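S.K.: The structure under discussion is supplied below as structure tokens; questions concerning it will follow.
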Ligand SMILES: [Zn+2]
């Protein structure tokens, strides 16, 4: 684009967004060439290829399988995975706000990173929270099947609190003075949702911290056969609900 009638111009630095600025040699008029927004940032992989890679990965193909099918290098695929994952995280965090959900069920899925927990030695156990047993903390609404948030981390009381606070921040909480004009009214709290968790000991306190009196809370204890055999799927034989 040339902003004036003359044809000779030179570059004239950049604007604050990094777009190159041009300046006419004759009349001194300056303008910028706005580059189209790149959906993949610095990555040069063609968008259709990137889409195909992501579709394969979400279907459960391995990284190397996606590499063989698309011809995109596996390091590029890994970068793409991180780039897209982070974008998804930002998107979800923005969208999952002001929700009204009726019954939230919390649970953790076990997985491991790097090595199994029995292979993590004592120093690592003390210093690192990113190897060994890792859990995907999930929370799903019974009615809509919406998963407003998730968290990756160890099965600790700290993570239980973080996760509960995160979910609580995404729900519509009653305003302190929503119903009256600063006049005392007898009566209780309106519950905004129902919560069910498994028997993990840190949950009751975390629920209390995050939701206070605004929820009804129950613990669902599942009874398992061979529950203590490590790394073998156990068979569920019954459930009890408490609270
Ligand atoms: Zn000019």
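Bear in mind these aren't lab numbers, they're just calculated from the coordinates by the rules spelled out. These figures come from a predicted structure and were not determined experimentally. All Cβ positions, glycine included, derive from the backbone under ideal geometry; neighbour counts span all protein chains shown.
S.K.: Considering segment 34-48 alone, what residues qualify as being within 21 Å of residue 13 (Cβ to Cβ) and surrounded by 11 or more Cβ atoms within 10 Å (Cβ to Cβ)?
M.R.: 34
S.K.: Filter segment 75-91 for residues that are under 16 Å from the mean Cα position of the chain (by Cα) and surrounded by 14 or more Cβ atoms within 10 Å (Cβ to Cβ); which is farthest from residue 174 (Cα to Cα)?
M.R.: Ranking the qualifying residues of segment 75-91, first place goes to 81.
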